[in-house]
Every structure is written in structure tokens, then in C-alpha cells.
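Comments concern the structure below.
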Amino acid sequence: MAARILITTDYLQPGDTVDQLLRERGLEPVYSPFRGPRTLEERRSLFDGISGAILASEPVTADMLTGAASLRVIARSGVGYDSIDVQAAVEQGIRVCNAPGTNHHSVAELTIGLIIMAARRLAEVTSAVRQGRWPREAGHELRGSTLGIIGFGPSGRATASLGIALGMTVLVSTAHPDHESGAVHFTDLDTVIRQADYLSLHTRGGQGAGTLIDASRMQAMKPSAVLINTARGSLVDEAALATALSDGTIAGAALDVLESEPLPGGSPLRGLGNALITSHLAGQTVEARARAGLAAAHAVIDVLENREPAHPVDR
């Protein structure tokens, strides 16, 4: 009997290149797209009879893995893996992999797009035009402004390059500075937060890592600053952010990731004109999806064929 491979990533479908690759290796893809929270029963049975899994960013908890007797590998079709209880997987002998280097250009491009939208107030303008108005308020040029970046992995580097190309001064806070990165200026976290006109997050969250941008750090930002988060929803205190946006502590925010997705109906961020929110789209380009899906599939194949995967996060 062919080993069954669970696929929950909603853009991977029967007949695509990932499906074909798995079937060529004698594996049987099983599709259960993640489109929101599953019931308790669905969560408990998700990995029944499954040998490998290619997952979207849904939570994988210890209790879900307890009965996963045949599961040998979980591969994220993306970079983030803080939704997976990696320690529980390790204890069960389950390998955990991700797909770095597959979507950083997509993330960087959306990051800059969000910055431009905020600088030129494009969301408000287009909405007003649809309503029959013709607003002519002045926005801001990016050239000469300061782009603060927290984290200097692939997406942080790609965003820095685009910022430099636009004539921005780029300040970076990272534990791993690369002093050969041309016009990038490396400095401490507090300086980046204090001096940035646009503060963009590109660092990893993690289990127990806590909130990075809380009320006190928002107070340290310029009143004219905009916060951009395309990394992890857990990095930002959303209640504090709603307050900061409402009382003018900072000028705006552009969020592609949230603590809870989709954005809950009762979120204090709803209805704020200076909060631009997108639906976790940063890595969702045709090109990035193709690379990420294939990287996850190769990770599953490698583990099931007793080879070391290219990008393990469990060791």
C-alpha cells in the first residue's frame, strides 16, 4: 500500500506538479485544505494513517501528534513553523522541515507595496474614488526617509535592497549583521525603533518568544511612523497597536499577519482608517507557491526515502 501524504496547503491541488512528483515516487496524496479552525474531532483524526504531511500555517499541537503512529515527517510549505509544536514532534520521532528561500522576494515586494500604500494613502484614496469623491491630499516620498528593519534573514535582506534602490536610509537590527551589505546600517533595536519612518518586521516569532512590539516600543516610535508586519502576528501587541493608532502615538500600520486569522469580527483594529490589513498574502505569488510546494514535497520524499532533508527545523 502506498504511503499516504496529507496536503493541507489550499493552493496545492490534485494533478499539479507537487501531486505528480509525489505519485511518481509511489506516494498517495490526500487533500484536506486548511481554510480555518478545524473541529476537535477533525484535529484528532487529521494524521490517521498518514506517513508525511505538507501543511499550511495551521496549528499542530502535541495532542494531535499523540495518535499519529505512522507519521514520519511534517513539511511546511512556507518559512514559518511556530504554529507547530516541534518539541512534541521530536519526542514522537517526527521530522519537521520548512521551505526557506522560496518566498523572500514576494515578501519583500509586498512589504514595499504596503509602505507605498501607507505613504501615499492609496487605500483611502481608492475607496473615496469608488464612492464618488476625488481626494487630492499630499502623501510622502520614500526617498530620503528611513526604513527600519528588524531581522536580516532572506526577506529582510530583500526588503533592504529594495529600500536602498528607492533612496531610503536603511537601518537594521539583527543578531547576525553582515557588514558587507553595502549601504545597510546595522545598529541596536532601540535605535531602529526610534529612528524609523517605516518599521518593518522580518524576524521570527516562536513558542514562548513573547511580543516584540508592545505599547512601550510603540511609544518610542516617531508619531509619524508606520509599522509594517509581514513576518508573524505574534510579534505585535494588537490591542496596544489599536490604541496607538487611535490616539496618534504612531501614524499608521500595515499588517499582513495577525494573532488570529482571519481577523476576528471584534478586533479593535477593524474600522481604523490608518490600519491597512491584508490577508496573509506576502508569500502568495504564483512563483513563490510553486517553489514552496516543491520544496515541501522534496522534504517529505527525502525523509521517507531515509535521506536527510535540506531544511530541517527539528535539529
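Numerical summary
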{"item": "Count of the stretch 226-236 residues which are surrounded by fewer than 24 Cβ atoms within 10 Å (Cβ to Cβ) and closer than 16 Å to G248 by Cα", "result": "0"}
{"item": "Test: residue in the stretch 120-136 that is in contact with a helix residue (DSSP H, G or I) (Cβ under 8 Å, 6 or more places away or on another chain), within 27 Å of A99 (Cα to Cα) and either at pLDDT 95 or above or assigned by TED's automatic domain parsing to the domain that holds T230 (or both)", "result": "no"}
{"item": "When residues of the stretch 2-23 are limited to those that are within 18 Å of V73 (Cβ to Cβ) and without any contact (Cβ under 8 Å) to a residue 24 or more places away in the chain, the one surrounded by the fewest Cβ atoms within 10 Å (Cβ to Cβ)", "result": "R23"}
{"item": "Counted residues, the stretch 34-54 - those being more than 18 Å from A69 (Cβ to Cβ), surrounded by 13 or more Cβ atoms within 10 Å (Cβ to Cβ) and of a type outside the set (A, V, I, L, M)", "result": "2"}
{"item": "Residue check for A292: touching a Leu at 6+ places or on another chain (Cβ under 7 Å), modelled with pLDDT of 95 or more, closer than 16 Å to A75 by Cβ and not assigned by TED's automatic domain parsing to the domain that holds V226", "result": "no"}
{"item": "Subset of the stretch 276-289 [touching a residue at least 60 places away in the same chain (Cβ under 8 Å), buried (at least 16 other Cβ atoms within 10 Å of the Cβ) and at negative phi]", "result": "L276, T278, A282, G283, Q284, T285, A288, R289"}
{"item": "Residue in the stretch 252-307 that is farthest from E124 (Cα to Cα), counting only those that are among the polar types (S, T, N, Q) and over 19 Å from the mean Cα position of the chain (by Cα)", "result": "N306"}
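The values are calculated or read from the model by the stated rules, or taken from the named source; none is laboratory data. Computed from a predicted structure; not experimentally measured. Cβ: placed from backbone, ideal geometry, glycine included. Neighbour counts: every protein chain shown.
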